[in-house]
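What follows is a set of notes on a single structure, which appears directly below.
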Amino acid sequence: MAFQKPTGTQDLLPGTVEKWQWIEDKARDLCRRFNYREIRTPMFEQTSLFERGVGETTDIVEKEMYTFQDKGERWMTLRPEGTAGVVRSYVENKLYGEPDVTKLYYIGPMFRYERPQAGRQRQFHQFGVEAFGATDPAIDAEVVALGFQYCRELGLKEVKVEINSVGNPASRAAYREKLLAFLTPMKDTLCKDCQSRMERNPLRVLDCKVDQDKFGGAPSILDSLDEECTAHFAKVQELLTAMEVVYVINHRLVRGLDYYTHTAFEYKAQGIGAIDTIGGGGRYNGLVADVGGPDQPGIGMALGLERIALILEKQGIGPDAVKPLDVYLVSLGEAADKEITTQLFKLRQAGFSGERDYLGRKMKAQMKSADRMQARYTAILGDDELERGEIALKSMETGEQNTVKLAEWIDLLRK
């Protein structure tokens, strides 16, 4: 055919979309209970926002962004992640003026130019939360626990959390020297990306997938934390344990974004091949100021919905693809056919789902259509019944059929 979907994208068709709606509804309900409010930001922003907010040394900025010049010769980028846009909105709309902690969530598409594979698309979807205005370790633990609870309420099996502390700028400066001392003797054996990162941001070397087997003896950043960072990390662990969040400490976890401070974490689950990370996040105490706002702390997390959907499918978890129809209306005769349109509209106004035939089929074919749509009832109206002001209502489960007054049949359904 002449046109096909772009590489790395997918069509979510009826039968699949209902599962996605279920996944998204679970996220919205959980955020309501945790008192997070929804925010919707543009799908493209100024390129410089992501260069500053995500970090110029990250793979996202260096290799993966969809960037273009608009008609005003401004450089724009399709959002590769959600946090930078939310921070920009937080600053631009002066949400930092609120007296309480600002707690937000988002659900939507992101865009990265990557090699497509299972659980990795060029257009993908994330559910994420961001909390601004508090340095209390309790908000770190809450954000980690929210993501873990989401996975648990979806029914995902064997999900665990890996956590680490990447400290504050002073701690990282001390760790940077130790890490460089470890990496320098092996520099020539590392991939080109790692050699480049050693000059600009050595912590990013630990995130490399090519040379991961060489870093087993790398020093732990936890040994370079100052008293404040150590106490913060200990409190986060204490609170996660109290909430029964299953976690392990991974001292080499640095995440793929430059803005993290203190707590960093990832959610792990099996079921999508070599990729086992389904999301993650961390604290970013300097990011709001970097984007031009006041010096407000923040923490957030995001989960990849494509990866979650794949695992749910593998584990056989999720809602039925097709929701049963309340009523299928069958018409027999020209006058009845006209009246059916009116009755169907009234049915839908009353809050019920309903459908009818639009192809001029005979009664037997219409009843088969009602079966395919798993209709709970069929309402059968012929010209003769119309003259008497009646309609036949049939239960598709029991086969029981009763003739009722046309003016009352929808009220009877309510009962």
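The values are calculated or read from the model by the stated rules, or taken from the named source; none is laboratory data. Remember, it's a predicted structure, so these values are computed and weren't measured experimentally. Note: ideal-geometry Cβ built from the backbone for every residue, glycine included; neighbour counts use all protein chains shown. Just the protein is used for accessible areas: all its heavy atoms, side chains included, with ligands, DNA and RNA removed. Shrake-Rupley method; radii C 1.70, N 1.55, O 1.52, S 1.80 Å.
Sort out which residues of region 272-285 are modelled with pLDDT under 85 and surrounded by fewer than 21 Cβ atoms within 10 Å (Cβ to Cβ), and write them in order of number.
Listed by number, the residues that qualify are Gly273, Ala274, Ile275.
Looking only at residues in region 397-413 that are open to solvent by 50 Å² or more (accessible area, probe 1.4 Å) and aliphatic (A, V, I, L, M), which one is farthest from the chain's Cα centre (by Cα)?
Ala407
I'd like to know if region 287-301 contains one or more residues that are surrounded by 13 or more Cβ atoms within 10 Å (Cβ to Cβ) and closer than 15 Å to Thr16 by Cβ.
No, the conditions are met nowhere in region 287-301.
Filter region 227-272 down to the residues that are of a type outside the set (D, E, K, R), out of contact with any strand residue (DSSP E or B) (no Cβ under 7 Å at 6 or more places or on another chain) and farther than 21 Å from Leu305 by Cα and list them by number.
The answer is Thr230, Ala231, Ala234, Gln237, Leu239, Thr241, Ala242, Met243, Tyr259.
Please determine whether any residue of region 113-132 is without any contact (Cβ under 8 Å) to a residue 60 or more places away in the chain, over 20 Å from Glu38 (Cβ atoms) and buried (at least 20 other Cβ atoms within 10 Å of the Cβ).
Checked against the condition, which is being without any contact (Cβ under 8 Å) to a residue 60 or more places away in the chain, over 20 Å from Glu38 (Cβ atoms) and buried (at least 20 other Cβ atoms within 10 Å of the Cβ), region 113-132 yields no hits at all.
From (1) hydrophobic (A, V, I, L, M, F, W, C); (2) open to solvent by less than 40 Å² (accessible area, probe 1.4 Å); (3) touching a Gly at 6+ places or on another chain (Cβ under 6 Å), pick out the condition that doesn't hold for Ala269.
So the condition that Ala269 fails would be (3).
Go over the candidates Glu199, Glu162, Glu153 one by one and state the one that is within 28 Å of the chain's Cα centre (by Cα) and either open to solvent by 50 Å² or more (accessible area, probe 1.4 Å) or over 30 Å from Ile311 (Cα atoms) (or both).
The conditions single out Glu153.
When region 50-100 is examined, which residues are found to be assigned to a helix (DSSP H, G or I) and in contact with a Ser or Thr (Cβ under 8 Å, 6 or more places away or on another chain)?
Selection gives Phe50, Gly53, Gly85, Val86, Arg88, Ser89, Tyr90, Leu95, Tyr96.
Checking Ile139 against (1) out of contact with any strand residue (DSSP E or B) (no Cβ under 8 Å at 6 or more places or on another chain); (2) part of a helix (DSSP H, G or I): exactly one of these is not met. Which one?
Only one criterion is unmet by Ile139, namely (1).
Keeping to region 27-49, report how many residues are outside any loop (DSSP other than H, G, I, E, B), within 20 Å of the chain's Cα centre (by Cα) and over 23 Å from Glu142 (Cβ atoms).
Number of matching residues: 2.
Ile139 versus (1) more than 23 Å from Arg307 (Cβ to Cβ); (2) surrounded by fewer than 15 Cβ atoms within 10 Å (Cβ to Cβ); (3) in contact (Cβ under 8 Å) with a residue 40 or more places away in the chain: which is the lone unmet condition?
(2)
Please list, ordered by first then second residue, the pairs with beta carbon atoms under 7 Å, 6 or more apart or interchain, first in region 275-300 and without any contact (Cβ under 8 Å) to a residue 40 or more places away in the chain and part of a strand (DSSP E or B), second of a type in the set (S, T, N, Q) and open to solvent by 20 Å² or more (accessible area, probe 1.4 Å).
From residues that are without any contact (Cβ under 8 Å) to a residue 40 or more places away in the chain and part of a strand (DSSP E or B), the pairs are Asp276/Gln270.
Scan region 334-378 residue by residue and report those that are of a type in the set (Asp, Glu), open to solvent by 70 Å² or more (accessible area, probe 1.4 Å) and in contact (Cβ under 8 Å) with a residue 40 or more places away in the chain.
Glu334
Go through (1) open to solvent by 40 Å² or more (accessible area, probe 1.4 Å); (2) closer than 30 Å to Tyr150 by Cα for Lys178 and report which single condition fails.
Lys178 satisfies every listed condition except (2).
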